[in-house]
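Asker: Structure in structure tokens, see below.
The values are calculated or read from the model by the stated rules, or taken from the named source; none is laboratory data. It should be emphasised that the depicted structure is a prediction, and the values quoted were computed from it without experimental measurement. Backbone-built Cβ (ideal geometry, glycine too); neighbour counts: all protein chains shown. Calculation scope for accessible area: heavy atoms of the full protein, side chains included, ligands and nucleic acids excluded. Shrake-Rupley method; radii C 1.70, N 1.55, O 1.52, S 1.80 Å.
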Amino acid sequence: LGGEFQTKLMGITIIFFGVLGIWRLLSYLKINDWGKSAAAIFFILNSFFLLMFDGGQFSLNLAYITLPFAVLSFMKLLEFSKWRERVKFALIISLISIFDIRIIFLLAIILGCYFIFKLFFSLDRHNAINLFKNLFFSSLFAIFILIGFHSYWIIPSLLAKTPHLPVTYDRLAQVDFLSFSSLGHSLLLQQPHWYKNVFGRISQIK
């Protein structure tokens, strides 16, 4: 009963902060309540979120719901360029890396697209230079904090001798069975484990 209660509590917490994050982000962008409601529903009812939620992979869900907070912090960082915003952004990045460090690559793509959009509509040359300088110093600071936070495993992994894979593992035939996706699944936006959600059991494309 205790484990079931903890699972339900975690699920409620994830949904609450998921809605809160996307609501605060869109409030900053001055989107009305109808738009925020629709976006919040879409944010927590897409196939990725539901698959991770149903499979009990709460760490991925936690990293996912932290994305709006990171995007909002990045927007404020570019606008105000204060050290307080830089520290806040670096801490949010570190928090995402605790949950699942792979989500940082997705976040980098989102923030990169936003920065290009912001730069494209910045007609003032002086303002564009300030944006680049702010992004450069903020990125360096965030990377420094992130590496420092994970130095407890990065440094030992650099000093230790890593095991080598067998020579045959550079052949495609040896690793093809490790792939859990296909081009067809990607084109049709169909999750390979959906709908039974059994890891390693690939559903046929429908």
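Asker: Please state, rounded to one decimal and in Å, the Kirkwood hydrodynamic radius that the range 1-76 gives when every pair of distinct Cα atoms enters the mean of 1/r.
Answerer: Working: mean 1/r = 0.0772 Å⁻¹.
Over the range 1-76, the inverse of the mean reciprocal pair distance is 13.0 Å.
Asker: If the limit is 21 Å between Cα atoms, which of K30/K118; K76/K133; K82/K133; K88/K133; K8/K30; K36/K133 go over it? Each step should come with its number before you reach the end.
Answerer: Details: K30/K118 17 Å; K76/K133 15 Å; K82/K133 12 Å; K88/K133 18 Å; K8/K30 33 Å; K36/K133 32 Å.
Violating the 21 Å limit, Cα to Cα: K8/K30; K36/K133.
Asker: According to a simple spin-label model (label point 7 Å from Cα along Cα-to-Cβ), what is the distance in nm between S59 and V87?
Answerer: 2.9
Asker: Using a probe of 1.4 angstrom, how much of the accessible area of the range 7-145 is carbon and sulfur, in percent?
Answerer: On the way: 6130 of 8280 Å².
Of all accessible area on the range 7-145, carbon and sulfur atoms account for 74 percent.
Asker: Follow-up. What does the C-alpha gyration tensor say about the overall shape of the range 43-172? Classify as rounded when a/c is under 1.5, otherwise prolate if a/b is larger than b/c, or oblate. Spell out each step's value before the answer.
Answerer: On the way: a/c = 1.91, a/b = 1.44, b/c = 1.33.
Prolate shape, in that a/c is at least 1.5 and a/b is the bigger ratio.
Asker: Rank-order 85-98, 7-20 by packing density, defined as the average count of other C-beta atoms within 10 Å over each peptide's residues, highest first. Spell out each step's value before the answer.
Answerer: Details: 85-98: 18.5, 7-20: 14.5.
So the peptides 85-98, 7-20, ranked by packing, come out 85-98, 7-20.
Asker: Ok, one more. So what's the back-of-envelope 222 nm ellipticity for the chain, counting only DSSP H runs of four-plus at -39500 (n - 2.57) apiece and dividing by all residues, rounded to 500?
Answerer: Working: 10 runs with 148 residues, N = 206.
Rounded to the nearest 500, it is -23500 deg cm²/dmol.
Asker: Simple spin-label model, 7 Å along Cα-to-Cβ: F144 to I110 in nm?
Answerer: Here the modelled spin labels are 2.6 nm apart.
Asker: I've got another one for you. Determine ³J(HN,Hα), in whole Hz, for all residues of the range 41-56 in sequence, where each value follows from phi through the Karplus function 6.51 cos²θ - 1.76 cosθ + 1.60 and θ = phi - 60°; x replaces Gly and Pro.
Answerer: 5, 5, 5, 10, 10, 8, 5, 5, 4, 5, 5, 5, 5, 5, x, x
Asker: Efficiency by 1/(1 + (r/R0)^6): what FRET value for K196 and L119, r their Cβ-Cβ distance, R0 = 41 Å, to the nearest 0.05? Mind showing how you got there, number by number?
Answerer: Numbers: r = 45 Å, r/R0 = 1.09.
It comes out at approximately 0.35.
Asker: Relative to the Cα centre, what is the charge dipole magnitude of the range 1-146, using +1 at the beta carbon of each Lys and Arg, -1 at the beta carbon of each Asp and Glu, and rounding to the nearest 20 debye?
Answerer: 520
Asker: Need the C-alpha centroid separation for the range 9-36 versus the range 125-145, integer Å.
Answerer: When both Cα centres are located, 28 Å separates them.
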